[in-house]
Each structure stands twice: as C-alpha cells, then as structure tokens.
Amino acid sequence: MTNEELWRAVLGQIELSISKANFITWFKNTSILNNQDGCVVIGVPNGFAKEWLENKYNLYILRALKSFDTTIHTIRCVISQEKISHPAIQTVDGVKNIDAIQAPEQSGFTRKKILEKPSFGAQISHNTTFHETNLHSRYTFENFIVAENNELARAACYAVSQNLGLVYNPLFIYGGVGLGKTHLLQSIGNEVMKNFPEKRIKYINSERFTTELVDSIKNQKIDKFKEYYQQMDLLIIDDVQFLSGREKTQNEFFHIFNALYQLDKQIVISSDRPPKAIPTLEDRLRSRFEGGMIVDISRPNLETRIAILESKILEKGVVLDKASLHFIAEHITQNIRELEGALNRVLAFSEFHKVPASLENTKKILSQLIENNKKNIKSDDVFSVICSFYDLQKEDLIKKGRKKEIVHPRQVMMYLLRTELEMPFSTIGDLLGGRDHTTVLHAFEKIEKNKNIHSRLKEELSSLLERLYYSSVDTTV
Ligand code: ADP
Ligand code: MG
C-alpha cells in the first residue's frame with residue numbers, strides 16, 4: 001500500500017465517524033509525507049489544522065491507521081503544501097488559494113469554488129483615510145466560551161483572523177438570535193486589529209449598510225461609497241438577512257463583494273439562517289455566499305450555559321451562589337443574550353435591595369421573567385409604559401412634530417420596540433406615524449450610544465423595562 005493509498009483508506013474511515021463539516025474543515029489538503037518505524041508523518045496545510053488534528057483527532061487517525069497497519073504507533077503533523085485528493089475533498093489547483101470542495105447541501109456546510117471571474121475593475125486607491133471600524137473591544141476570542149454548539153464557528157472565525165482572505169472566503173456564520181454571532185464577528189475584527197494594525201477593517205450590520213448606501217445614492221456619492229468599502233482588507237457584514245428584498249442594495253453589495261473577493265480580501269457574513277433560507281436573496285448573491293465556508297451556531301447545552309454564567313460573573317467581578325447560578329442556567333435555555341439578561345436581573349435586584357442574591361429571590365425574579373416571556377410583550381404595552389412614564393398621549397408620539405419633550409420619548413419608544421420586540425426598523429417607523437426607517441435607525445443608535453455615556457438615561461431605561469416587565473400596567477391607552 002502506498003502512502004497515498006493508505007491515507008485515502010484512512011480518510012474513508014474517518015469520514016464515517018465525524019461530521020461532514022468537521023471532516024472537510026480539518027482533513028482537506030492533508031497527506032502522508034512519511035511512514036517509517038511505526039511513525040506516520042502527516043502533512044497539513046496550516047498550523048491551525050495541525051493543532052486540531054494533533055489534539056482532537058489524534059485518536060481517530062491513529063485508530064484508523066492501525067486498522068491497516070498494526071505496527072503504527074505514533075503520528076506527527078507537519079505543515080506542508082502537498083495535497084491529496086479524496087472523493088469528498090476534490091481540489092482544483094491553480095486557482096487562487098481556494099480549493100473546490102463539494103459537500104452535500106444537507107450537511108449544513110457547503111464550499112465551492114466560484115469559477116466565473118467577474119470583470120469588475122480591480123484598481124482601487126490605497127489611501128488610508130481615517131475610518132470607523134465599528135468594533136467594540138468587549139468582544140474578544142478570549143472571553144468567548146467555546147463549547148460544542150459553537151466550536152466549529154469559533155474555529156473558523158479564529159482561522160480567518162489569522163489568515164485574512166486565505167482560508168475561508170467568504171465565511172458565513174448563521175444561527176438564532178443571541179447565540180454569539182456578533183460576538184464572534186467582532187472578535188475577528190479585534191484580533192486582526194491587535195495582530196495586524198495596518199489592515200483596514202470594517203464591521204457593519206446590513207441595515208446600517210443599506211442606509212449608508214441609500215444616502216450615498218441620494219447625495220450622488222455612490223462611487224465614493226463603493227471605493228471606501230473596496231479598500232477594506234476585512235469587511236464584516238452582520239445580520240445579512242436584512243439585505244433580503246432590497247434589490248439595489250444587493251446589487252451594489254454584490255459588486256463590492258466581487259471586488260474584494262478578487263483581491264483576496266476577507267469577507268465575513270452573519271445571518272439568522274443559512275443563505276438558501278433567505279427567501280428574497282438574489283441567486284447570484286446566494287451562490288457567492290455558498291461559495292465559501294458556511295458554519296452554524298446552535299443552542300448551548302446546560303453545561304455550556306453554566307460555564308457562560310460563571311465567566312460573566314468573573315468578568316463583572318461579582319459573586320453569585322452556586323444554587324442561583326444553576327437555577328438560571330436550567331431555566332433560561334434559548335439563548336445567551338437572555339441568559340445574560342436573567343443574570344443581570346438577579347444581580348440588579350440584589351444590588352437594589354442591598355441583599356445578597358439567594359436561590360429564593362432568583363426563583364422569584366426568574367418566574368416573573370419566564371412568565372413575561374410567555375406573556376409576550378406587545379407594542380401596545382410599550383406605548384402604554386412610555387405614555388405613563390413621560391405623561392403623554394399615544395397621539396403625541398405618532399403625530400408629526402419635533403418638540404423636544406416628545407422627541408426624546410419617541411426615540412426611547414423606538415429603541416424599546418427594537419430591543420425588546422426585535423421589530424424591523426421599517427415596522428417601527430410605520431407604527432410611529434409612518435416615519436422613515438432611517439429616522440428609526442438614527443434614534444436607535446443615538447439611545448444605544450448615549451445610554452453608555454449618561455447614567456440618567458441608563459436609569460430611565462431600566463426603570464422603563466421594570467415597568468414593562470414587572471408592573472401590571474394598564475394596557476389601554
Ligand atoms: P447574536 O449576534 O447571535 O444575536 P450576540 O453575539 O449578540 O448574539 O450574543 C449575545 C450576548 O451573549 C452577547 O453579550 C455575547 O457577548 C454573549 N455571548 C454569546 N455567546 C457567548 C459565548 N460563547 N461566550 C461568552 N459570551 C457569549
Ligand atoms: Mg447579532
């Protein structure tokens with residue numbers, strides 16, 4: 001048996017015992033370089049694959065090797081460019097750094113070479129104008145808890161941050177709300193900024209992107225807009241599902257995407273669902289997304305939820321008894337944002353009442369929370385809370401007019417509809433007297449920014465949330 005035959009047989013076995021996505025991610029471009037005295041040297045494409053094969057798949061590989069040759073007792077991985085083809089991992093040489101890999105659609109993982117080369121102009125200017133990266137330093141790989149629900153996504157994001165434009169392009173991360181997509185995307189940006197400060201990085205969510213685009217068309221600055229985005233080394237677009245149905249935006253995004261892609265610039269995208277489930281996404285954009293690496297994040301299990309709570313407590317420098325912590329982890333199961341929210345509620349309660357958190361209080365607070373989650377806050381609840389808090393009528397919020405004493409409550413209203421009900425900006429605009437979605441977006445961003453600066457606003461918001469979730473407000477306005 002030649003080394004090549006042996007490796008092919010081994011891959012055939014391993015393929016059956018691990019997920020398709022893992023198989024393709026870690027065993028692509030591997031080969032046996034040497035097989036002597038019971039020690040097999042495996043060539044791997046990068047340090048990242050080396051680490052995973054040695055630490056995580058060591059046993060699988062060894063077991064499979066032994067089944068063909070019982071004298072083999074050790075494996076070692078070295079970084080090498082040699083490639084091997086396997087039915088599940090077909091490589092096409094000579095086309096950039098990207099290999100053609102075909103995986104079945106249902107594996108939740110697809111990677112194909114984009115073969116047609118669009119002829120979009122490749123010359124871009126490299127002036128380093130100052131720009132905002134939109135990165136928040138609080139999101140890092142260090143404070144991201146890795147567990148089985150997110151390890152592949154985390155690994156792919158990390159690999160991308162170390163090899164911009166070279167490993168997976170585009171990288172598409174999808175999963176439900178509050179599962180850590182934004183955290184991971186931002187971590188890539190922060191990691192790149194730390195290690196490669198000369199790289200140009202832009203994080204933006206697709207709604208903001210759309211708004212900027214529409215503005216630039218209005219102001220006849222579309223060329224500048226495109227030029228700006230095409231200068232990026234790393235472009236991160238969060239929540240791309242909001243691009244769906246916007247033809248013009250998708251068209252411009254497509255051009256920017258192609259220009260960056262052709263230059264081996266890294267594109268990272270997130271969405272709440274896989275590309276094929278975004279109904280009105282243009283086909284050519286969908287196939288571009290599917291041309292890269294697609295990974296999902298799923299819901300965390302109990303163990304992970306406990307680990308996350310523990311790390312958040314450590315981060316905040318507070319204490320919480322074990323029983324309360326477990327109670328939260330057992331009862332808040334859907335996503336990590338809610339988990340953090342519940343923890344914050346419990347901590348806020350004990351801070352406010354100046355008592356240490358206890359299982360009894362935790363139970364009480366969470367039962368209200370769970371109850372209210374079930375109750376499902378509606379937009380009318382938000383209206384009534386805002387009206388009673390600021391002493392206004394519903395019509396005041398809806399009608400035209402920019403009186404200062406109404407503008408602020410209206411903006412807070414928009415903010416709460418967004419954060420608590422997760423409404424699209426356009427729906428919020430409609431609810432508040434047919435206002436434009438950009439108005440809502442600006443309001444949202446203003447409150448979001450100011451609440452971290454002005455403690456009064458922060459208190460105002462928590463007081464409103466308190467009323468929204470904990471008081472039996474009269475919902476007739
Ligand atoms: P998404 O973008 O998927 O809706 P986020 O990235 O905003 O979710 O995550 C929600 C919250 O949960 C954030 O505060 C984030 O820091 C936290 N979070 C999510 N996943 C993890 C994790 N694995 N470890 C630590 N914190 C996490
Ligand atoms: Mg997000």
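Would you say residue 276 is surrounded by fewer than 21 Cβ atoms within 10 Å (Cβ to Cβ), under 21 Å from the mean Cα position of the chain (by Cα) and not in a helix (DSSP H, G or I)? Reasoning before the result, please.
Details: surrounded by fewer than 21 Cβ atoms within 10 Å (Cβ to Cβ): yes; under 21 Å from the mean Cα position of the chain (by Cα): yes; not in a helix (DSSP H, G or I): no.
Answer is no for this residue.
Of all residues in region 165-205, those being within 9 Å of ligand 1 (Cβ to nearest atom) and of a type in the set (Lys, Arg) number 1. Restricting 353, 408 to those that are away from ligand 1 (no atom under 16 Å from the Cβ), over 30 Å from residue 434 (Cα atoms) and either over 24 Å from the mean Cα position of the chain (by Cα) or open to solvent by 30 Å² or more (accessible area, probe 1.4 Å) (or both) reduces the list to 353.
Given the structure, is residue 287 of a type in the set (S, T, N, Q) and closer than 19 Å to residue 158 by Cα? Spelling it out, it is not the case that residue 287 is of a type in the set (S, T, N, Q) and closer than 19 Å to residue 158 by Cα.
Once region 316-342 is narrowed to residues that are in a loop (DSSP other than H, G, I, E, B) and within 12 Å of ligand 1 (Cβ to nearest atom), the residue that is surrounded by the fewest Cβ atoms within 10 Å (Cβ to Cβ) is 334.
Which of the residues that make up region 388-398 are assigned to a helix (DSSP H, G or I) and open to solvent by 10 Å² or more (accessible area, probe 1.4 Å)?
Taking region 388-398 as the starting set, the residues that turn out to be assigned to a helix (DSSP H, G or I) are 388-390, 394-398.
Passing the criteria: 388, 389, 390, 394, 395, 396, 398.
Here is a yes/no grid of residues against (1) touching a residue at least 60 places away in the same chain (Cβ under 8 Å); (2) of a type in the set (Lys, Arg):
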{"site": "193", "(1), (2)": "yes, no"}
{"site": "199", "(1), (2)": "no, yes"}
{"site": "208", "(1), (2)": "yes, yes"}
{"site": "214", "(1), (2)": "yes, no"}
{"site": "226", "(1), (2)": "no, yes"}
{"site": "232", "(1), (2)": "no, no"}
{"site": "242", "(1), (2)": "yes, no"}
{"site": "246", "(1), (2)": "no, yes"}
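The values are calculated or read from the model by the stated rules, or taken from the named source; none is laboratory data. Since the structure is predicted, the reported quantities are computational estimates derived from the model, not experimental observations. Every residue, glycine among them, receives a Cβ derived from its backbone with ideal geometry; neighbour counts consider all protein chains shown. Surface areas here come from the heavy atoms of the whole protein model, side chains and all, with no ligands, DNA or RNA. Shrake-Rupley method; radii C 1.70, N 1.55, O 1.52, S 1.80 Å.
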